[in-house]
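Q: For reference, the structure I am asking about is given below.
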Amino acid sequence: MPAPGFPTSFNCAIAARGTSSNPKQVVELSVITAWRWRVYGLRVPVNTLVMGLIHLWGERSAKIRRGLSRLLAAGPVVTALRLARWAIPLVLAGALILQFTNIGWEEIWQSRPSSPVFYLLAILPFFVQPVADLVIYRRLWKVGKTLRLSILLRKRQLNAIMLDYSGEAYLFHWAQRAVVAPTSTLLHTIKDSNILSAAAGMATAILVLCLLIQVGDVRPLDYFSSSPNARLAAAVGAFPVALAVILTCGGSWVTTLKRSQVVWLFGVHLGRSMIALVIQFAAWFTSGALPSATHCLYFVALSVLVSRLPLLPHRNLIFAGSALAAAQSLELHTQSVAAVLVFTTAVNDILGFLLVSIPWLLSRSSPLLVSRLGNVATSSQH
């Protein structure tokens, strides 16, 4: 279905995404399709409004649309995106390895956590969001076991190693083929789930801030009175909450979901965020790397803050570098903190490789292998 008011390249990208069976193409087009999810289904879509304003410029509008189309289809742009996809994690990983090397790998190994509970808790966060998404989409799309956990694990992995919404692009591509529902319903569900997830994440961040105010040396009022950008930061932080309120109160004007479904959906995301919060706190507490529960809460708050950064892949590497710098600033036992960060980062990448990347590669290569074996058997008979 073409996106109204978009240049031809946008509609071609959407059509290619709907017909392509190549997940790589789906991922590369995710940046384009993310625009459509954010506005699809509104009675006066934002994209149509923007293009209408451009049309007021008269003849300039055609030049602008043609220029935008050429830019999106240009080879250098696609090449730059592909280079950034590999360059960003390499730079982050290189800087992190340099920091660990300065601390000393032998010291990090000797400072590893001794509690087996920590290692169990370090594995659980990988599955929290996919399981919550499984509950959400099975109920809203009424697909039952047709939607497997592996699909949501792939969605998580794509969002983790690629740009935000690349996982949603893959999920929408899968749903178009497997779910009997209108395209608008699929888009609305994914859009609304992401908005409510962001609102739940912000509510969790506010809860962590309140806890830090009670037990730590955190004074947000001093920050708001001294920082010139404090009001802007507060407005940006409140934006997802405002969108959630609009979804709840707007009804059929902004979503195809019932109000009860919106409330249930927000409750699931809030519960998922709270579970992830408790697991992170327990993991830091049982690791023995931090001297008190207050310090554990500081690092949990840092993790929540990094998770709210938009459009950034490999947030686990960003958090690891930030947490290591925080440990040095707070004069903590840096070797113990580094040991926790090395293990949690490695576990996240290893689980993604073993449970997502390898099975996904085998599932795509096995039909080709069977076809080649069949051709070999046929030729041998002749």
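The values are calculated or read from the model by the stated rules, or taken from the named source; none is laboratory data. Worth saying up front: this structure is predicted, and the values here are computed from it rather than measured. A quick note on method: Cβ atoms are made from the backbone with ideal geometry, for glycine too, and the neighbour counts reach across all protein chains shown.
Q: Would the stretch 242-257 turn up any residue that is at pLDDT 70 or above, of a type in the set (S, T, Y) and over 30 Å from H333 (Cα atoms)?
A: Yes, there is a match, as at least one residue in the stretch 242-257 is at pLDDT 70 or above, of a type in the set (S, T, Y) and over 30 Å from H333 (Cα atoms).
Q: Just to verify a result, which residue in the stretch 94-123, among those that are of a type in the set (G, A, S) and surrounded by 19 or more Cβ atoms within 10 Å (Cβ to Cβ), is nearest to L324 (Cα to Cα)? Show your work before the answer.
A: Initial filter on the stretch 94-123 (of a type in the set (G, A, S)): 94-95, 104, 111, 114-115, 122.
This time we only want the ones that are surrounded by 19 or more Cβ atoms within 10 Å (Cβ to Cβ), so: 111, 122.
Working: S111: 14, A122: 17 Å.
The qualifying residue nearest to L324 (Cα to Cα) is S111.
Q: Restricting attention to the stretch 308-360, and to residues there that are touching a Ser or Thr at 6+ places or on another chain (Cβ under 7 Å), in contact (Cβ under 8 Å) with a residue 24 or more places away in the chain and among the small types (G, A, S), which single residue is farthest from I103 (Cα to Cα)?
A: Ranking the qualifying residues of the stretch 308-360, first place goes to A320.
Q: State which residue is surrounded by the most Cβ atoms within 10 Å (Cβ to Cβ) when the search covers only the stretch 125-168 and only residues that are modelled with pLDDT under 95 and of a type in the set (D, E).
A: Per the stated criteria, the residue is E168.
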